[in-house]
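Step one of this worksheet: look at the structure below.
Computed from the coordinates by the stated procedures, all read-outs in this text should not be read as laboratory data. Everything numeric in this text was worked out from a predicted model, so none of it was measured. Heads up, the Cβs are rebuilt from the backbone with ideal geometry, glycines too, and the neighbour counts pull from every protein chain shown.
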Amino acid sequence: MSSDDYGSLSCEELRKILILADHEQDAGTVQIILRILANRHQPVKEALVDWAQQDPATSKSIAVVVNEALKGPVNCHE
């Protein structure tokens, strides 16, 4: 699937796909979902920037970081 295919999905649907893709180590899908969520939701973008600056050996998985950023009021510009 391309980013166009995922673009019409809700944040909740994208979150679920991200968790599954991360678990399956599907880097291409993870990258597409992260890009869409970061463009729709500022806290996700900020969490990704913070995550990228952490030590990979001790940081949380990207799916966990995004899931935490999506908690609370979610406004994904849908």
Segment residue 5-residue 23, extension gain: residue separation times 0.36 nm, minus the distance between their alpha carbons: 4.4 nm
Between residue 71 and residue 50, what is the spin-label point distance in nm, taking each point 7 Å from the Cα along the Cα→C-beta axis? 1.1 nm
